[in-house]
Amino acid sequence: MRQRDAVLVGLVTAVAILVLVFGTVYLIRGGLSSGYPLYSRFRWGAGVKQGQPVLLSGVSVGYVDNVELVPDGTVSVRLSIENKYRIPVNTVAAIEPNGLFGDMEVALKPARPTNQYIAKNDTIPTAPPAPGIGDLIMKMDSIGGQLGDVTKAVQVELVQGGAIGDLRKTLYNANKLVETLSQIATDQSKALSHTMASLNRAVSAVDSSAIDSTVKNIRTSSANLTTLTSNLSNTTSHLDALVAKIDTGGGSAGKLVNDPELYNHVNSLVARLDSLTLELKTHPGKFVPPIHIF
């Protein structure tokens with residue numbers, strides 16, 4: 001009796017587990033919700049399997065309903081999309097990893113928002129396949145080979161060509177130049193300090209009272225020069241008036257300068273005086289009678 005009960009309990013438990021597993025798979029694949037089919041094609045080895053989720057911009061919209069192998073190197077994938085979702089016409093399908101255990105998902109990526117949608121039973125174009133591990137390894141090998149070639153070229157140029165020695169000499173010369181410039185800057189700083197000290201001593205040695213006296217003398221001289229200039233200006237004005245008066249013929253000087261007849265009379269008088277003087281010297285007795293002494 002007890003053995004039969006144990007077998008019955010085992011059978012019930014197994015059935016419950018099977019129901020749970022198949023129910024879970026059924027619900028994952030859409031459960032009781034109805035959907036419409038869409039198709040897409042991927043290359044062999046994409047890793048897509050029946051029951052994997054279908055995401056539209058990160059939102060689960062369906063699942064992979066069926067996968068068929070095609071001899072041309074692709075797999076035909078039928079997607080079951082829930083009726084409440086519509087797929088834009090500019091959408092592409094791609095296979096992407098889902099989780100850390102190697103599972104995959106179908107990612108639907110629309111290029112931009114639009115009000116036009118893909119019709120039922122239509123095919124969604126696929127995006128360019130993402131590089132796999134093998135492609136990445138090959139790329140890394142290629143990069144490693146190129147790095148090896150670059151390393152060899154650098155070794156040839158730097159070690160065998162003597163570039164390292166030249167670089168050391170250049171660094172040594174640069175250090176020497178920096179030391180020389182630093183010494184020059186120090187010497188110039190000292191010279192500038194001495195010059196400033198000398199200038200400070202010279203400034204402090206100047207007598208401020210002497211400077212004030214000199215400034216006062218300069219001011220007095222400037223005032224005297226101003227007065228002299230004013231006097232010269234007045235004298236010049238008087239001379240201008242005198243010359244103008246002479247030019248207009250006023251006074252004796254003006255008549256003498258401007259009257260030609262008077263000038264001629266004066267010349268004639270001078271000539272007569274010269275003749276009389278000469279006659280007086282030649283014949284003095286003619287003008288002075290002789291004196292008789294008894």
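Every number in this text was worked out from the coordinates using simple rules, so none of it is lab data. Remember, it's a predicted structure, so these values are computed and weren't measured experimentally. Cβ sites come from the backbone with ideal geometry, for glycine too, and all protein chains shown count toward neighbours.
List the residues, sorted by chain then number, that are 5 or more residues from Tyr63 or on another chain and whose placed amide H is less than 5 Å from its amide H.
Under 5 Å from the amide H of Tyr63 lie the amide H atoms of Val54, Ser80, each far enough along the sequence or on another chain.
By how many nm would the segment from Ala119 to Leu181 grow when fully extended, if each residue of separation counts as 0.36 nm and the alpha-carbon distance is taken off?
The Ala119-Leu181 span can extend by a further 14.3 nm.
For the range 33-130, compute the orientation-averaged projected area of the C-alpha convex hull (one quarter of its surface), in nm².
For the range 33-130, averaging the hull's shadow over all directions gives 6.3 nm².
What does the charge dipole of the range 28-119 about its Cα centre add up to, to the nearest 20 debye, if the Cβ of each Lys and Arg holds +1 and the Cβ of each Asp and Glu holds -1? Walk me through the numbers before you get to the answer.
Values: 9 positive and 7 negative charges, 49 e Å.
Charge dipole, the range 28-119, about its Cα centre: 240 debye, nearest 20.
Under a crude label model (7 Å from the Cα following the beta-carbon direction), how far is Arg219 from Leu171 in nanometres?
Taking the two extended label points, one gets 7.1 nm.
Hey, what do the phi angles of the range 51-56 turn into as Karplus ³J(HN,Hα) couplings, whole Hz, using 6.51/-1.76/1.60 and θ = phi - 60°, x for Gly and Pro?
Result, ordered by residue: x, 6, x, 10, 10, 10 Hz.
Using the Karplus curve 6.51 cos²θ - 1.76 cosθ + 1.60 with θ = phi - 60°, what ³J(HN,Hα) values do you get for each residue of the range 211-226, in whole Hz, with x for Gly and Pro?
Calculated HN-Hα couplings, in order: 4, 5, 4, 4, 5, 5, 4, 4, 5, 5, 4, 5, 5, 5, 5, 5 Hz.
Just to be sure I understand the model, the point goes 7 Å from the Cα along the line to the Cβ. What's the resulting Ser76 to Asn90 distance in nm?
3.0
Scan around Asp122 for amide H atoms under 5 Å from its own, H built in the peptide plane at 1.01 Å from N, and keep only partners 5 or more places away or cross-chain.
Those lying under 5 Å, H to H, from Asp122 are Tyr39.
What nm distance separates the two modelled labels at Leu69 and Thr229, each placed 7 Å from Cα along Cα→Cβ?
Once both label points are built, they end up 11.9 nm from each other.
Quick query: amide H of Asn98 versus all other amide H atoms, modeled in the peptide plane; which residues come in under 5 Å with a sequence gap of 5 or more or a different chain?
Asp103, Met104, Glu105
I'd like the trypsin sites (Lys or Arg not before Pro) in the range 64-103 restricted to DSSP loop residues with at most 12 other Cβ atoms within 10 Å, sorted by number.
Values: sites: Arg78, Lys84, Arg86; in loops: Lys84, Arg86.
Counting only loop positions with at most 12 other Cβ atoms within 10 Å, the trypsin sites (Lys or Arg not before Pro) in the range 64-103 are Lys84.
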